[in-house]
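See structure below.
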Amino acid sequence: MTHIKQDDLIESIAESLQYISYYHPIDHIQALNRAYQAEKSPAARDAIEQILINSRMCALGQRPLCQDTGIVNVFIKIGMAVNWDTDTAIDEIINKGVRLAYQNSDNPLRASVVTDPAGRRKNTGDNTPAVIYSEIVKGDKVQVTVAAKGGGSENKAQLAMLNPSDDIVEWVLDKISTMGAGWCPPGILGLGIGGTSEKAMLLAKQSLMAPIDIQVLKQMGAKTKLDALRLEIFEKVNAMGIGAQGLGGLTTVLDVKILDYPTHATSKPVALIPNCAATRHISFELNGDGPAQFDPPDLRHWPNIAWKANPESIRVDLDSLSKDDISKWKSGDTLLLSGTLLTGRDAAHKRIVDLIANKKPLPDGLDFNNRLIYYVGPVNPVQGEAVGPAGPTTATRMDKFTNVMLEKTGLLGMIGKAERGPETIALIKKHSSIYMIATGGAAYLISKAIKSARVIAFPELGMEAIYEFKVIDMPVTVAVDSKGNSIHTTGPAKWRGEIIKIAINQIKKS
Ligand code: SF4
């Protein structure tokens, strides 16, 4: 029998969550760097560069890779020959570790978990509870895998109960074409095939915990049907030209992972879950010798690149911005923003729209006239920071509020990540507005452009409160210009064509 102390599990969970909040897995960095070196699309290359630089800064500064520090997923396998020094339930022990990690004063992580999801959606304040899967297995050890899954990529999860004769690749390509860029590609696709509906989802999530090895598989060649499926999906998804952040480019996925399980003769459940630019997971084992140890990675694995603004970027003074300025910018232009920005995301938008619908005034001091709004929920700052990591959140969720915001508040434009829906693009055109994107997964880098931050409305919403940021040279790209041109349409279309040309050239050369 192995005797495990509950404190060892609590400490190991807390340490592992802190560790993955600022250290990308090395295999992820190597795959991202490979994509960076190969990328020919300037916009996608710039986005990957920002993600890599952000990653190194986080590793050095021990601050979160992304403002969304995730919902905690824990897979725990407990050996049958293990006993504990406690009668506390495993879930409770794990959640103590989660609480400690997210409330660490040296590196506070953002609490994103809400209770009553169909109703009041109240933040629990410490990111508990984790989503926990436990198994009793043979042996005398406790094996744990911990992941912090960002909402942007989790929200793109897909499940289908296909017919046995249906084509899995066709289904995956169809889903990818509708998923947009809210999952912050380039990332990893996890597929679960078989079992039942919930088993397929679980397999898809578990598959994402394995190291990236598609390049090795390419060299060795497929030995199984699943190997061949991985390679086929990898090639075909990348050939879609979606690229980093959906800007159009050569790499959309760094790997495709698949796990399968026997299923009913009439069924073919297939689940798809993407992992994003902020891929965060780690595994450890407890064998009775105390808490797990997490050694810092060798930083030489990170490319030592410094971010330089595009010399052609347009410098923008946000404090004297007008519709006239905005009308000159084109989809794909890069801008450096300086001056005052307002922030807001789902909950704040709902409040504003409700106030306007009820003919009530906005809170004192909240004035959107001639301002841009940045969709962000930052991490709390530590000493010396104006704000913690503060990257963009998925703009599509704000689409339903955009009409009122543009029509009734005097707002000039918006900054977020990923594409906007067709109706919102039409509204942007109608109001001669603008939508810009910052790089999802570059939150710490972006936060360095924010020189001061103060809450100006709805403080009770926590990270969803409205802040006023003073920024200097904050890098953004025009995604939808005032004429309604969207880079998320034109970029991938262009790079799909470029990828075909590259393939034809390669065939001619060989
Ligand atoms: S990288 Fe993108 S999807 Fe991932 S946690 Fe950050 S914002 Fe969310």
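The values are calculated or read from the model by the stated rules, or taken from the named source; none is laboratory data. Here the structure is a predicted model, which means the values were calculated and not measured. Note that each Cβ is placed from the backbone with ideal geometry, even for glycine, and that neighbours are counted across all protein chains shown.
Condition check for LYS257 on (1) in contact with a Ser or Thr (Cβ under 9 Å, 6 or more places away or on another chain); (2) under 26 Å from ASN33 (Cα atoms); (3) in a helix (DSSP H, G or I); (4) basic (Lys, Arg): one failure, at (3). In this structure, does GLU464 turn out to be among the acidic types (Asp, Glu) and touching a residue at least 60 places away in the same chain (Cβ under 8 Å)? Answer is yes for this residue.
Looking only at residues in segment 1-46 that are among the hydrophobic types (A, V, I, L, M, F, W, C) and at pLDDT below 95, the one that is nearest to VAL142 (Cα to Cα) is MET1.
Considering the conditions (1) touching a helix residue (DSSP H, G or I) at 6+ places or on another chain (Cβ under 8 Å); (2) within 24 Å of PHE284 (Cα to Cα); (3) within 16 Å of the ligand (Cβ to nearest atom), THR88 is excluded by exactly one of them, (3). Examine segment 455-475 for a residue that is surrounded by 23 or more Cβ atoms within 10 Å (Cβ to Cβ), at pLDDT 95 or above and within 17 Å of GLY332 (Cα to Cα), and state whether such a residue exists. Yes: segment 455-475 contains one or more residues that are surrounded by 23 or more Cβ atoms within 10 Å (Cβ to Cβ), at pLDDT 95 or above and within 17 Å of GLY332 (Cα to Cα).
Per-residue answers, yes or no, for (1) part of a loop (DSSP other than H, G, I, E, B); (2) hydroxyl-bearing (Ser, Thr, Tyr); (3) buried (at least 18 other Cβ atoms within 10 Å of the Cβ):
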| residue | (1), (2), (3) |
| --- | --- |
| MET161 | no, no, no |
| CYS184 | yes, no, yes |
| GLU198 | no, no, no |
| ALA204 | no, no, yes |
| LYS223 | yes, no, no |
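The one condition from (1) within 16 Å of the ligand (Cβ to nearest atom); (2) in contact with a Pro (Cβ under 8 Å, 6 or more places away or on another chain) that ASN95 does not meet is (1). For segment 77-86, give me each residue that is over 16 Å from SER134 (Cα atoms) and not hydroxyl-bearing (Ser, Thr, Tyr). Across segment 77-86, the qualifying residue is only ASP85. Hey, does segment 146-158 have a residue that's away from the ligand (no atom under 16 Å from the Cβ) and of a type outside the set (Gly, Ala, Ser)? Within segment 146-158, none of the residues are away from the ligand (no atom under 16 Å from the Cβ) and of a type outside the set (Gly, Ala, Ser). Mind checking whether some residue in segment 397-409 is within 14 Å of the ligand (Cβ to nearest atom) and crowded, with 24+ Cβ neighbours inside 10 Å? No, segment 397-409 contains no residue that is within 14 Å of the ligand (Cβ to nearest atom) and crowded, with 24+ Cβ neighbours inside 10 Å. Only residues that are in a loop (DSSP other than H, G, I, E, B), polar (S, T, N, Q) and out of contact with any Pro (no Cβ under 8 Å at 6 or more places or on another chain) were counted across segment 269-296, and they come to 2. ALA449 falls short of the stated requirement of being surrounded by fewer than 24 Cβ atoms within 10 Å (Cβ to Cβ), away from the ligand (no atom under 14 Å from the Cβ) and closer than 26 Å to LEU362 by Cβ.
Taking the conditions exactly as written (away from the ligand (no atom under 16 Å from the Cβ), of a type in the set (D, E, K, R) and more than 27 Å from PRO392 (Cβ to Cβ)), does ASP166 satisfy them or not? Considered against the rule, which asks whether it is away from the ligand (no atom under 16 Å from the Cβ), of a type in the set (D, E, K, R) and more than 27 Å from PRO392 (Cβ to Cβ), ASP166 comes out as yes.
When LEU65, LEU60, LEU100 are screened for being under 25 Å from GLY416 (Cα atoms) and in contact with a helix residue (DSSP H, G or I) (Cβ under 8 Å, 6 or more places away or on another chain), only LEU65 passes. Within segment 363-379, the set of residues being surrounded by fewer than 18 Cβ atoms within 10 Å (Cβ to Cβ) and out of contact with any Leu (no Cβ under 6 Å at 6 or more places or on another chain) comprises PRO363, ASP364, GLY365, ASP367, ASN369.
When GLN37, GLN30, GLN50, GLN18 are checked against the criterion of being under 26 Å from ILE78 (Cα atoms), in a helix (DSSP H, G or I) and of a type in the set (S, T, N, Q), a single residue qualifies: GLN18. Within the bounds of segment 171-181, is there any residue that is assigned to a helix (DSSP H, G or I), surrounded by fewer than 23 Cβ atoms within 10 Å (Cβ to Cβ), charged (D, E, K, R) and within 12 Å of the ligand (Cβ to nearest atom)? No, that holds for no residue.
Among residues of segment 182-199 being more than 16 Å from the ligand (Cβ to nearest atom) and within 23 Å of ARG280 (Cβ to Cβ), the one that is nearest to the chain's Cα centre (by Cα) is LEU191. For first residues located in segment 63-80 and over 19 Å from LEU52 (Cα atoms) and among the basic types (Lys, Arg), partners that are within 16 Å of the ligand (Cβ to nearest atom) and part of a loop (DSSP other than H, G, I, E, B) and lie 6+ apart or on another chain with Cβ distances below 6 Å do not occur. Taken over segment 447-466, the residue count meeting the criterion of being outside any helix (DSSP H, G or I) and of a type in the set (D, E, K, R) is 3. In segment 97-120, the residue that is surrounded by the fewest Cβ atoms within 10 Å (Cβ to Cβ) out of those that are over 19 Å from the mean Cα position of the chain (by Cα) and either within 15 Å of ASP346 (Cα to Cα) or of a type in the set (Gly, Ala, Ser) (or both) is ALA118. In the set (1) under 30 Å from ASP8 (Cα atoms); (2) touching a helix residue (DSSP H, G or I) at 6+ places or on another chain (Cβ under 8 Å); (3) crowded, with 22+ Cβ neighbours inside 10 Å, the condition left unmet by LEU189 is number (1).
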